[in-house]
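The structure under discussion appears below in the form of structure tokens.
The values are calculated or read from the model by the stated rules, or taken from the named source; none is laboratory data. Predicted model only: the values in this text are computed from it and were never measured. As a convention, Cβ positions derive from the backbone with ideal geometry for all residues, glycine included, and neighbour counts pool all protein chains shown. Side chains are part of the model used for accessible areas, which takes the heavy atoms of the whole protein and leaves out ligands, DNA and RNA. Shrake-Rupley method; radii C 1.70, N 1.55, O 1.52, S 1.80 Å.
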Amino acid sequence: MTPTRQFSPLDRLIIEFQHALGTSLGQAHAERPNPAGSLSDDQTLAEPDRRHAAGLMRINHTGEVCAQALYLGQAAVARDPDTRQHLQHAAQEETDHLAWCGDRLAELDSRPSLFNPLWYAGSYAIGLAAGLRGDGWNLGFVVETERQVEAHLEEHLQTLPPGDQRSRAILRTMKADEARHADDAQQAGARVLPAPIPGLMALTSKLMKAVAYRV
């Protein structure tokens, strides 16, 4: 039997740094097929509609960068192996979302947010702080994060240009995944977050969306 490699704190720091660079600045690769599949890309989208769709998909791309950082920060300090595995699995599915949003941005002749490294660092720090409070709080953050993401995905589905079926297919799959992540975390023993925290999370999300839509 091949022994499991034990990483030193420095090794883990380097791995986390490489992942941060890859997530915030690199090109993600999905394990699942793109939900847009063979749907045609409507080339008749007016330029304002194309810019609006790109702005929404840039928000979603940044949201997935934040989700990756949050969950990996939480997993780094999770006490229970099952909780850690739950967080890592959710992070992997968020990688699929990240790749799909990146692909769609390229199709719309646009790019990710220039501030993604900053969003990643802030979200990772929040994840560490949540994780240090205990696994119940860890899972509580998952539930609240995913419920808020579900809400803004539904908003984007309502405001996407009617002809943009490729973006819409991606967002529908993402929304279903986020709902499942929240349900799984709830069943795993998530704690209800105190009243100020969801509000602060919503304010932070609102700031991120306002910036990422444009830059």
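Which of 44, 173, 83 ends up with the largest GNM mean-square fluctuation for the chain, with Cα atoms connected below 10 Å?
44
What whole number of Å gives the distance from the Cα centroid of the stretch 154-212 to the Cα centroid of the stretch 107-153?
Between the Cα centres of the stretch 107-153 and the stretch 154-212 lies a distance of 10 Å.
Work through the residues other than residue 215 whose Cβ is under 12 Å from its Cβ and net out their charges, Lys, Arg +1 and Asp, Glu -1. Could you put the intermediate results ahead of the total?
Values: positive: 58, 111, 209, 214; negative: none.
Local net charge: +4.
Going by the alpha-carbon gyration tensor, a ≥ b ≥ c the square roots of its eigenvalues, is the stretch 164-215 rounded (a/c under 1.5) or, if a/c is not under 1.5, prolate (a/b greater than b/c) versus oblate?
On the way: a/c = 4.51, a/b = 1.19, b/c = 3.80.
Taking the square roots of the gyration eigenvalues as a ≥ b ≥ c, the stretch 164-215 is oblate.
Using a simple spin-label model with points 7 Å from Cα along the Cα→Cβ vector, what separation in nm is obtained for residue 89 and residue 107?
According to this spin-label approximation, the distance is 2.9 nm.
Distance in nm between label sites at residue 159 and residue 207, each 7 Å beyond Cα in the beta-carbon direction?
Once both label points are built, they end up 1.9 nm from each other.
Which residue, 40, 167, 205, tops the fluctuation ranking in a GNM of the chain built on C-alpha contacts under 10 Å?
40
Is the C-alpha gyration tensor of the stretch 113-165 telling us rounded, prolate or oblate? Criteria: a/c under 1.5 is rounded; beyond that, a/b larger than b/c is prolate, otherwise oblate. Walk me through the intermediate numbers first.
Values: a/c = 5.44, a/b = 1.72, b/c = 3.16.
Oblate is the answer for the stretch 113-165, as a/c is 1.5 or above yet b/c matches or exceeds a/b.
With the dipole of the chain worked out from charges on the C-beta (+1 for Lys and Arg, -1 for Asp and Glu) around the Cα centre, which of 115, 57, 152 lies farthest toward the positive end?
Result: 115, furthest along the dipole toward the positive end.
Roughly what angle does helix 116-132 make with the longest principal axis of the chain, taking Cα atoms, 0 to 90 degrees, to the nearest 10?
For helix 116-132, the angle is close to 30 degrees.
Computing the accessible area with a 1.4 Å probe over protein heavy atoms, can you report the carbon and sulfur percentage for the chain? Please list the in-between numbers first.
On the way: 6530 of 10960 Å².
The C+S portion of the solvent-accessible surface of the chain is 60 percent.
How much length would be gained if the chain were fully extended between residue 214 and residue 32, taking 0.36 nm per residue of separation minus their Cα-Cα distance, in nm to one decimal?
Values: separation 182, 0.36 × 182 = 65.52 nm, distance 2.89 nm.
Full-extension gain reported as 62.6 nm.
Taking the Cα centre of the chain as origin, sum charge times position over the Cβ atoms of Lys and Arg (+1) and Asp and Glu (-1), and report the length of that vector in debye to the nearest 20.
Working: 21 positive and 27 negative charges, 101 e Å.
Computed about the Cα centre, the dipole is about 480 debye.
Report ³J(HN,Hα) in whole Hz for each residue of the stretch 164-179, in order, from the Karplus equation J = 6.51 cos²θ - 1.76 cosθ + 1.60 where θ = phi - 60°; Gly and Pro get x.
Working through the residues one at a time gives 8, 6, 5, 4, 5, 5, 5, 5, 5, 5, 4, 4, 5, 5, 5, 4 Hz.
Can you list the HN-Hα couplings for the stretch 82-92, worked out from phi with the Karplus curve (6.51, -1.76, 1.60; θ = phi - 60°), rounded to whole Hz and with x for Gly and Pro?
5, 5, 4, 5, 4, 5, 5, 5, 4, 4, 5
Specify which residue in the list 176, 199, 187 is farthest towards the positive end of the charge dipole of the stretch 73-215, using unit charges on the beta carbon of Lys, Arg (+1) and Asp, Glu (-1), about the Cα centre.
Of the candidates, 199 comes out farthest on the positive side.
Kirkwood hydrodynamic radius for the stretch 88-215: how many Å is it when counted over pairs of different Cα atoms? Provide the component values of the computation, followed by the final result.
On the way: mean 1/r = 0.0636 Å⁻¹.
With all distinct Cα pairs of the stretch 88-215 included, I get 15.7 Å.
Give me the Å³ per residue figure for the convex hull around the C-alpha atoms of the stretch 46-97. Don't skip to the answer; put the middle values down first.
Values: hull volume 2.5 nm³, N = 52.
Cα-based convex hull of the stretch 46-97, divided per residue, equals 49 Å³.
Extending each Cα 7 Å along its Cβ direction at residue 82 and residue 128, get the distance between those two points in nm, one decimal.
Label-label distance for residue 82 and residue 128, simple model: 2.8 nm.
Per residue, how many Å² of accessible area does the chain show with a 1.4 Å probe?
Numbers: 10960 Å² over 215 residues.
In whole numbers, the chain has 51 Å² accessible per residue.
Run the helix sum for the chain: -39,500 (n - 2.57) per DSSP H stretch of 4+ residues, divided by residue count, reported at 222 nm to the nearest 500 deg cm²/dmol. Display every interim value, and only then the final one.
Values: 7 runs with 159 residues, N = 215.
Value at 222 nm, helices only, nearest 500: -26000 deg cm²/dmol.
Indicate the gyration tensor shape class of the chain (rounded, prolate or oblate), computed on the Cα atoms with a ≥ b ≥ c the square roots of the eigenvalues: a/c under 1.5 is rounded; otherwise a/b larger than b/c is prolate and the rest oblate. Each step should come with its number before you reach the end.
Working: a/c = 1.84, a/b = 1.54, b/c = 1.20.
Prolate, because a/c is 1.5 or more and a/b exceeds b/c.
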